[in-house]
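*Asks:* Got a structure here, written out as C-alpha cells. Questions coming.
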Amino acid sequence: MEMRKSRVLRQMRNGKVATCVKINLCDLRNIDIAAMCGFDCVWTDMEHVPNDFSFIENSIRAAKVYDCDTLTRVARGCYSNLIRPLEADSTGIMVPHLMSLEDAKQVVYYTKFSPVGRRPIDGGNADGAYCLVDEKEYIKTANEERFVVVQIEDPEPMSELEEICALPGLDMIFFGPADFSQGVGHTYELGYHEVVEARKRVAECARRHGKFAGTTGGVGNFDELVDMGYTFISTGADVCGLSDYYSAIVKEVSGRNIK
C-alpha cells in the first residue's frame, strides 16, 4: 500500500502551473463538480468558513476520486489544528497570517516529520492508509508529497521574508493581497504600489530559495501572475460563480411586465 501522490506537486515539479478553486459552501457535490471539471486542487477553509472536520474529511475523499488535491486552510491554534487535516489526507495545509520567522519555524516543527521537524506520528489515519502504509515509507512520503503553505498577507513578516523563504520544510509561500492591502492602509486597493511590489517580491524570493509561490487571481490576470513567478494560482470561488450566475439571470428576467 502506498500513499497517494500529490497532483499539485507533480504539476509544479514538471514546470506547469497548478490550478485551484476556493470552496466556501458546505456541499460535497460542489467538490465533485470542481474536481470533475479538472481543477488540480480544491481549497477548503477552516479559518473563515464554519466547516467541521467531518466535512473536511469527506471533501478530501470526494476530491481523491478524481485525483484532485485538497488544500485545507487551517485555523490558528494548537498543533492539532495543523496536523488533523494532514492525517485526514489533505494533500496540503495553508497556515494563514504568518507573522515572523519564529512563527514559520513552529509551523515546520509541527507539520514535517524528522529530520525536518517533529510532527507527532500516527499512521493510523487516512493518510497512512490506517497503518497499511509501511511506517518508514509513511514518514518519507508524507514529507515529500504533502505540502505546507504559509500565507504572507501582512506587512510585518516582510522584513524576514528572505529567512522565511529559505527555511527548510516550507513548500510554498502564498501571497494574500486583500489582507496585505488592509495592512498597509489601502484596503482592497490591490493595484496600490506597496501591494504590487510585495506580490512581486514574494514570488521572486520564494523561487530564489527553491520554494513554490502561490496567490489568488483570476482568468484576467492569470498570465501576469505566471510571469511574476507564481505556479499555484487560486482562480476563483464557488460563491463568486453562483453569485455571478444568479445575478445574470435576475438581471435578464426580473421586473418584466405581464403582457
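*Asks:* Tell me whether region 5-27 contains one or more residues that are over 24 Å from V150 (Cα atoms), free of Cβ contacts under 8 Å to residues at least 40 places away in the same chain and part of a helix (DSSP H, G or I).
*Replies:* no
*Asks:* Take the conditions of a type in the set (S, T, Y), touching a helix residue (DSSP H, G or I) at 6+ places or on another chain (Cβ under 8 Å) and either surrounded by fewer than 19 Cβ atoms within 10 Å (Cβ to Cβ) or farther than 30 Å from D32 by Cα (or both) and apply them to Y109. Does it pass?
*Replies:* Working: of a type in the set (S, T, Y): yes; touching a helix residue (DSSP H, G or I) at 6+ places or on another chain (Cβ under 8 Å): no; either surrounded by fewer than 19 Cβ atoms within 10 Å (Cβ to Cβ) or farther than 30 Å from D32 by Cα (or both): yes.
When the stated conditions are applied, Y109 does not pass them.
*Asks:* Among the residues of region 81-106 satisfying the criterion of being over 16 Å from D52 (Cβ atoms) and hydroxyl-bearing (S, T, Y), which is surrounded by the fewest Cβ atoms within 10 Å (Cβ to Cβ)?
*Replies:* The selected residue is S100.
*Asks:* Among residues belonging to region 65-98 that are touching a strand residue (DSSP E or B) at 6+ places or on another chain (Cβ under 8 Å) and of a type in the set (K, R), point out the one that is nearest to V148 (Cα to Cα).
*Replies:* Filtering region 65-98 for residues that are touching a strand residue (DSSP E or B) at 6+ places or on another chain (Cβ under 8 Å) and of a type in the set (K, R), the one nearest to V148 (Cα to Cα) comes out as R73.
*Asks:* Only one of V196, V184, V148 is farther than 24 Å from L9 by Cβ and in contact with an Asp or Glu (Cβ under 6 Å, 6 or more places away or on another chain); which?
*Replies:* When all the criteria are applied, what remains is V184.
Yes/no matrix, rows are residues, columns are (1) surrounded by 18 or more Cβ atoms within 10 Å (Cβ to Cβ); (2) assigned to a helix (DSSP H, G or I):
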site	(1), (2)
P115	no, no
V133	yes, no
Y138	yes, yes
T141	yes, yes
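*Asks:* Okay, next question. Hey, which of the helices (runs of 4 or more DSSP H) in region 155-257, taking only ones fully inside, have at least 3 residues that are of a type in the set (A, V, I, L, M, F, W, C), surrounded by fewer than 18 Cβ atoms within 10 Å (Cβ to Cβ) and modelled with pLDDT of 95 or more?
*Replies:* Helices (runs of 4 or more DSSP H) meeting the threshold: 238-253.
The values are calculated or read from the model by the stated rules, or taken from the named source; none is laboratory data. Source: prediction; values computed, not measured. Cβ sites come from the backbone with ideal geometry, for glycine too, and all protein chains shown count toward neighbours.
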